[in-house]
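Q: Dropping a structure here in structure tokens format, bear with me for questions.
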Amino acid sequence: MKFGIEFVPDVKFYELEYYVRLAEESGFEYTWITDHYNNRNVYSMLTILALGTKKIKLGPGVTNPYHISPALTASAIATINEISGGRAVLGIGAGDKVTFERIGISWEKPLTRIKEAVEVIRGLLSGKAVKYDGEIFKINGARLSFKAGEIPIYIGAQGPKMLQLAAEIGDGVLINASHPRDFDEARKSIEAGLQKANKSKEKFDVVAYASMSVDKNRDNARNAAKVVVAFIVAGSPETVLQRHGISNEAVNKVKEALNNAFTKGDWAGVGKAVTDEMLDCFSISGTPDDVVERINQLAKTGVTQVVAGSPIGPDKKKSIQLIGKEIIPKFK
Ligand code: F42
């Protein structure tokens, strides 16, 4: 089992560098940096991380093929690969509808756009001149002027078609989920995609990109995850909520609590609306032993990498060290 860690670049570069170096020292093999227009630029931050670390693999988790051209994505990730001495990984997904609306991007044909973007990026990273006449992207003999090196491409996916596409064209898939039920379901689409592309599953990285919260004290860990889980519940598709038996009534209570938090500052109300089932379904939260047990369950569904996503724990520094000391060694 490989371990990764997610960071949102909503902190100063030196703070992000501190946490990623701590994660590297704690045994994490990957760090994935989120990409939304309103946070600090993902590639600027990855440059700092590439210079400040020695072995951790690093990349966007995930960028998207809407707000910049795939040619720019190829150039940016190849630059990170050069600066980091060959440690870059590219995570790319359909992007986030809500943030796109703010910058006037319409979320059209995400599957087609991802497929074409990945094909263009792979062509450019191979060093050859790319001629591509796609439905969305038209490339007329573009070529990078420097060697990119080998860069794995992972696709962020939840829906069945995107999961299948990720297996067909990607080196891995980053799935925003924390529960074995979700991966049992995802496995069908992944296997269909691998079969269609005649690829072996041994080389394909199935990544549980999970909300995680670890602490020696179970209650502290689980309480720290409540706000993140509330957002996940509020944003989850109907199919996922039904899969976990979360009622519309319970979801509406969470949405209402979030609304009150934003309008009246009542964040305590959010904690009350998030149930234990929701925490179990949409996060990996608890003591190190609880987390090890869940990761073992995920491994049985074919997961090969677990990414510790927000909040990581009540105290980020202590939780990163705790994962390094009491969880990662159990899977070496
Ligand atoms: N999004 C961000 O913007 N920034 C991030 O930092 C970020 C991190 C991240 C990490 C892990 C992860 O798994 C996702 C992450 N995301 C992030 C979200 C990501 O960008 C996507 O929004 C997320 O993965 C949801 O995408 P999805 O896999 O569910 O695909 C969407 C588009 C979907 O609805 N898919 C469905 C499906 O079945 O896969 C339907 C697809 C569809 O629209 N089909 C149409 C059709 O007609 O079939 C259109 C067909 C066409 O040509 O596109």
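Q: Enumerate the pairs (first residue in segment 282-295 and over 23 Å from V240 (Cα atoms); second residue anywhere and polar (S, T, N, Q)) with beta-carbon separation below 9 Å, excluding pairs fewer than 6 apart on the same chain, so at least 6 apart or on different chains.
A: T287/N217
Q: Moving on. Working carefully through the options A166, A157, A142, A117, find the one that is in contact (Cβ under 8 Å) with a residue 40 or more places away in the chain, small (G, A, S), touching a helix residue (DSSP H, G or I) at 6+ places or on another chain (Cβ under 7 Å) and within 25 Å of E202 (Cβ to Cβ).
A: A157
Q: Moving to a separate point now. Give the residues of segment 20-53 that are of a type in the set (F, W, Y) and out of contact with any Phe, Trp or Tyr (no Cβ under 6 Å at 6 or more places or on another chain), sorted by residue number.
A: Y30, W32, Y37, Y43
Q: Within segment 162-175, how many residues are within 10 Å of the ligand (Cβ to nearest atom) and in contact with a strand residue (DSSP E or B) (Cβ under 9 Å, 6 or more places away or on another chain)?
A: 7
Q: Could I ask something else about it? If a residue must be under 18 Å from K57 (Cα atoms) and buried (at least 20 other Cβ atoms within 10 Å of the Cβ), how many such residues does segment 149-171 contain?
A: So the answer is 6.
Q: Then there is this: Considering only residues of segment 136-161 that are within 17 Å of L111 (Cα to Cα) and of a type in the set (D, E, K, R), which is farthest from the ligand (Cβ to nearest atom)?
A: Here the answer is K138.
Q: Of (1) among the hydroxyl-bearing types (S, T, Y); (2) within 11 Å of the ligand (Cβ to nearest atom); (3) crowded, with 17+ Cβ neighbours inside 10 Å; (4) farther than 16 Å from T63 by Cβ, S178 satisfies all except one. Which?
A: Failed condition: (2).
Q: Just to be sure I understand the filter: pairs with C-beta atoms under 9 Å, separated by 6 or more residues or on different chains, first member in segment 86-106 and without any contact (Cβ under 8 Å) to a residue 24 or more places away in the chain, second member within 11 Å of the ligand (Cβ to nearest atom) and among the small types (G, A, S). Which pairs pass?
A: Here the result reads V98/G235, each pair linking segment 86-106 to a residue that is within 11 Å of the ligand (Cβ to nearest atom) and among the small types (G, A, S).
Any read-out appearing in this document is the output of simple, stated calculations on the displayed coordinates, not a laboratory observation. Just so it is clear, the structure is predicted and the values come from calculations on it, not from any experiment. All Cβ positions, even for glycine, are placed from backbone atoms using ideal geometry, and neighbour counts span all protein chains on display.
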